[in-house]
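Comments concern the structure below.
The values are calculated or read from the model by the stated rules, or taken from the named source; none is laboratory data. Treat the numbers as computed from the prediction; the structure is a model and nothing was measured. Glycine gets a Cβ as well: all are built from the backbone with ideal geometry, and neighbour counts include every protein chain shown.
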Amino acid sequence: MELSPQYDPKQTEDKIYKLWEESGFFNPDNLPGKRKKPFTIIMPPTNANGNLHAGHALVMTIEDIMTRYKRMRGFRALWLPGLDHAGFETQVVYEKKLEKEGRSRFKMTPEELYKEIWDFTEENKTNIKNQVKKMGSSCDWSREKFTLDEDIVKTVYATFEKLKKDGLIYKGKKIINWCPKHQTSLSDLETSDTEKVDKFYYLKYGPFTIATARPETKFGDKYVVMHPKDKRYKDYRDGQKIELEWINGPITATIIKDNVIDMDFGTGVMTITPWHDAVDFGIAERHNLEKEQIIDFYGRLLPIAGKFAGMKIAEARPLIIEKLQTKGLVEKVEENYKHITKTCYKCGTLIEPQIKEQWFLKMEPLAKPAIKAIKKGDVKFIPEHYKKIALHWLNNIIDWNISRQIVWGMTIPGDEEHQVFDTWFSSGQWPFATLRAGRKNDFKTFFPTDVMETGGDLIFFWVSRMIMFSLYNTKKVPFKTVYMHGLVLDAKGQKMSKSKGNVINPLDLIEKFGTDALRMGLVVGNTPGTSLPLDENKIRAYRNFANKIWNASRFVLGQIGNSKSETRNRKLTAKDKKHLAGFKKLAKEVTKQMDSYKFYIASEKIYHYFWHTFCDKIIEESKNTKNKASSQHLLLEILTGSLKLLHPFMPFITEEIYQQLPLKKKKGCIMIEEWPL
């Protein structure tokens, strides 16, 4: 059978994917032979709020490479796909959609908003699923899960109740990160540290000088704090009262001595605003001091600010300083004060710390078993330095605010305010939740999973939390290996962003060059944990490689005709034996790299061998050989073996060619052929 003169991915890929789906081999229960050893990857659930981006394309490529390789090695390979409701992130995306339509969520009932977002995610789920298929992903769609599926919710609720019973969940009024724009609390991981340049004000506070970048918070300041060992203030005693003139008139302040004060910063004296600063809140808690709210949840000053009440911070700040100056209470102003501020990681709004009753999870008791397991080597990190990063965070962990004041998400059971869980609380249980929700023996068979492949930026958000939740819930680590990939950048090495106009849509590249070319472009030379510049020229080069594979296969098929390989004379010439030994050596080297997760090396080795050894040498030599039988056998043997080695990386073209090979014992699909060794 002849191959067509040219390879056209557009004519091939959908047809081949349909062949795979109809074969049933994505489902490990349908794989042929006695496959006792499982290999499991749980797909990081893609946010159901938009299209796949270049980062998703990398995830799908790497995880599919792993799965196809293990399937060919005789493992009972399961790659379980899923989608994430993505709580806050999805609601932010939907709010932007509402803004474009001239609508606001604040003019909708919670029920109306929830229903609209549900419909929005349902539409996106179908779209994303089709895009995942376009990447050639050989995942088991019969086991697909969504983070709001009833059985997943049931598992998350059971964990919540267990944590409550064990005294690890509590509700309390503590200081939290508050986004005034989105009207919700955020965990520390959901805030960005942003450098800001402000004025720094030195203000006279009775006999002291205090320094601040936020004079708008100072209306309620009635405690002045200093270090107990600061000799400059040895004459002041803890609890001493002093009378002084302040922003809106005379006040009585109280001296507080506390070891947290940095004697070398500023004047070594500070006033505190416990409602709007985490350090100040800690001081107030230790000394049982009053806490008073100065700024409301919308970022406006409250009546305590007198004539400034109702003003936004940016508007009020210069007017407050002006008033202090008229009272002679401004000592000096530093113009270019650089400092780090917390902002909302989604909208960039300045975080306003607030005291609010929230649900909290005690993290230290969960972190200790995770630290032990990581140190013991129960979880291997690729690259290895992520082990240190994870351990540092776990060793310095703080309690986690798990409640969010948004509509979209999983409602916290028994919460009168109808708050929802931080989305990472539910997705942190993803590996065991998906398998417990699956078929009868799935959890027993496929857990712990083998690999968790994800972005390095999720080491705290997700990876460490999955380890903690899994050990707490199942007494086992959720995965044996964590493979962390880096960011996919543009061709100039810049981070992709809509504002820069440099976002690369993987589907556009597939349309231009085919999926196999994109996959090779994403993996060759891409070392774990490092960022990858995605250059269209690189993808084009691998489209040329796909054409090379096609043309070489056409030549081989033309040489051997329709005779079956098993009936052909197997007596090889000495030279052909040497070539075959060279291929077997390559196969062993590639296998070694695959087992070490060095796909970036394995793919490049196969590429160079096929192009420069098989095409440039072996095929060229065959054109002048006198022993046609030996040459035919060698060509088909190496072509078949090369297609198998290439299959995890370039699944579509290898399957299309495999279907035309005159092999007597074909197994229906190349993806279940035995890996060459």
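Criterion applied to Glu352, Glu292 was being farther than 30 Å from Gly529 by Cβ, charged (D, E, K, R), touching a strand residue (DSSP E or B) at 6+ places or on another chain (Cβ under 8 Å) and in contact (Cβ under 8 Å) with a residue 12 or more places away in the chain, and the one residue passing it is Glu352. The residue list Gln632, Gln593 contains one member that is without any contact (Cβ under 8 Å) to a residue 40 or more places away in the chain, among the polar types (S, T, N, Q) and not in a loop (DSSP other than H, G, I, E, B), which is Gln593.
Could you please let me know if Ile176 is crowded, with 17+ Cβ neighbours inside 10 Å, in a helix (DSSP H, G or I) and in contact with a Ser or Thr (Cβ under 9 Å, 6 or more places away or on another chain)? Judged against the criteria, Ile176 is not a match. Out of Val477, Val451, Val463, one residue alone is of a type outside the set (Phe, Trp, Tyr), part of a strand (DSSP E or B) and surrounded by 18 or more Cβ atoms within 10 Å (Cβ to Cβ). It is Val451.
Residues to consider are Gly409, Gly348, Gly414; find the one that is on the phi > 0 side of the Ramachandran plot and either assigned to a helix (DSSP H, G or I) or crowded, with 21+ Cβ neighbours inside 10 Å (or both). Answer to the selection: Gly409. One residue stands out in the stretch 372-400 among those that are of a type in the set (Val, Ile, Thr) and either in contact with a Lys or Arg (Cβ under 9 Å, 6 or more places away or on another chain) or farther than 18 Å from Met452 by Cβ (or both): the one that is surrounded by the most Cβ atoms within 10 Å (Cβ to Cβ), namely Val379.
Among the residues of the stretch 372-389, those identified as over 21 Å from the mean Cα position of the chain (by Cα) and in a helix (DSSP H, G or I) are Lys372, Ala373, Lys375, Lys376. Annotation: of all residues in the stretch 179-193 being part of a strand (DSSP E or B) and surrounded by fewer than 16 Cβ atoms within 10 Å (Cβ to Cβ), the one that is farthest from the chain's Cα centre (by Cα) is Asp193. Note on the stretch 194-305: enclosed strands (runs of 3 or more DSSP E) holding 2 or more residues that are of a type in the set (D, E, K, R) are 241-246. Taking the stretch 134-153 as the range and being in contact (Cβ under 8 Å) with a residue 24 or more places away in the chain, part of a helix (DSSP H, G or I) and either β-branched (Val, Ile, Thr) or surrounded by fewer than 21 Cβ atoms within 10 Å (Cβ to Cβ) (or both) as the test, the residues that pass are Lys134, Trp141, Ser142, Asp151, Ile152, Val153. Once the stretch 227-268 is narrowed to residues that are within 25 Å of Ile320 (Cα to Cα) and buried (at least 18 other Cβ atoms within 10 Å of the Cβ), the residue that is modelled with the lowest pLDDT is Gly268. Within the stretch 454-499, if we keep just the residues that are β-branched (Val, Ile, Thr) and over 13 Å from the mean Cα position of the chain (by Cα), the residue that is farthest from Glu190 (Cα to Cα) turns out to be Thr474.
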